[in-house]
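The values are calculated or read from the model by the stated rules, or taken from the named source; none is laboratory data. Small disclaimer: the values here were computed from a predicted structure and weren't measured. Methodologically, a virtual Cβ is constructed for each residue, glycine included, from the backbone with ideal geometry; neighbour enumeration extends over all protein chains shown. Surface accessibility is based on the protein's heavy atoms, side chains included, excluding ligands, DNA and RNA. Shrake-Rupley method; radii C 1.70, N 1.55, O 1.52, S 1.80 Å.
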Protein chains: 2
Amino acid sequence: MPPAPTRPSKTPARAARPRPQLRLRMRVVCGDTIAIGPGKIELLEAIQQHRSITAAAKALGMSYRRAWLLVDELNRSLKEPAVEAAAGGTGGGGTALTPMGLRVLGLYRDIEAQAQAACRDDIQRLLATVARPDA
Amino acid sequence: MPPAPTRPSKTPARAARPRPQLRLRMRVVCGDTIAIGPGKIELLEAIQQHRSITAAAKALGMSYRRAWLLVDELNRSLKEPAVEAAAGGTGGGGTALTPMGLRVLGLYRDIEAQAQAACRDDIQRLLATVARPDA
């Protein structure tokens, strides 16, 4: 086995110190149900990329069954389904996001980005309160 | 046992339907450590209100030990402690937030409010994609 890649030797200690980062998680809850959350959004992105629930599940290290259940739950939570079997052309159909799926995915990612941009200064101030551990 | 309170009879079904809501959770992570998160922020608020870790823990349904450990972890994560024993006046000292504790608490709540305000329209659009279950 080849040795693990090493960092440039000039910055050994500094490079090992993690920087504080803000992690923002959004969920749409409806009573006790989580209709939309970060896991379902990642799955939508993977389905958009791979055009197959099987391949999307594999890319996320998730069982097909779990991916299917998440898609089913999401489809039932929304006013229209987010994912559907695509019409079969050459090589068969596969799976695709519907206009509703694209809308939910786009809004979710836009809100995340807008929130981070709108609060940039205060986020920096909050991160600056955290001590960097000596590595 | 007295009967459960009932809703006014005019809106029986409608009142039972939950409305979709956005839940936003922020964490400041530093490597594998969660330096600041919703639980610690709630605890800071309770300490500010009750001026005692014991009373704050009780108000949150948390053991004193757990509250103490969270405070200790937070104090170590920040550049200065967030919570300290207050100087004893009449009736003894108690516990208070330091200027650093007030700063972290204020920034966190401000960022939450700013993020929701900045994204109000897109949040409404996202909530509008979710079906209201028939109750």
Flagged in segment A:117-128 as of a type outside the set (S, T, N, Q) and open to solvent by 40 Å² or more (accessible area, probe 1.4 Å), in numbering order, are A:ALA117, A:ALA118, A:ARG120, A:ASP121, A:ARG125, A:ALA128
Filtering segment B:60-72 down to residues that are surrounded by fewer than 20 Cβ atoms within 10 Å (Cβ to Cβ), part of a helix (DSSP H, G or I) and either touching a helix residue (DSSP H, G or I) at 6+ places or on another chain (Cβ under 8 Å) or among the polar types (S, T, N, Q) (or both) yields B:TYR64, B:ARG66, B:TRP68
For segment A:32-64 the number of residues that are within 14 Å of another protein chain (Cβ to nearest Cβ) and over 15 Å from A:LEU105 (Cβ atoms) is 3
Checked segment A:31-44 for anything in contact with a strand residue (DSSP E or B) (Cβ under 7 Å, 6 or more places away or on another chain) and farther than 16 Å from B:ARG25 by Cα; matches are A:LEU44
Pairing a residue in segment A:75-91 that is polar (S, T, N, Q) with any residue that is part of a loop (DSSP other than H, G, I, E, B) and modelled with pLDDT of 95 or more, where Cβ atoms lie under 8 Å and the two sit 6 or more apart in sequence or on different chains, gives A:ASN75/A:PRO81; A:ASN75/A:ALA82
Exercise. Quick check, is A:GLN114 in a helix (DSSP H, G or I) and surrounded by 16 or more Cβ atoms within 10 Å (Cβ to Cβ)?
Worked result: yes
Going through segment A:30-59 in order, the residues found to be part of a strand (DSSP E or B), open to solvent by 40 Å² or more (accessible area, probe 1.4 Å) and in contact (Cβ under 8 Å) with a residue 12 or more places away in the chain are A:THR33
When segment A:95-111 is checked residue by residue, the ones that are in contact (Cβ under 8 Å) with a residue 60 or more places away in the chain and open to solvent by 40 Å² or more (accessible area, probe 1.4 Å) are A:ARG109
Check your understanding: Does B:LEU69 fit the bill of being over 16 Å from the mean Cα position of the chain (by Cα) and closer than 30 Å to A:GLY101 by Cα?
Key -> no
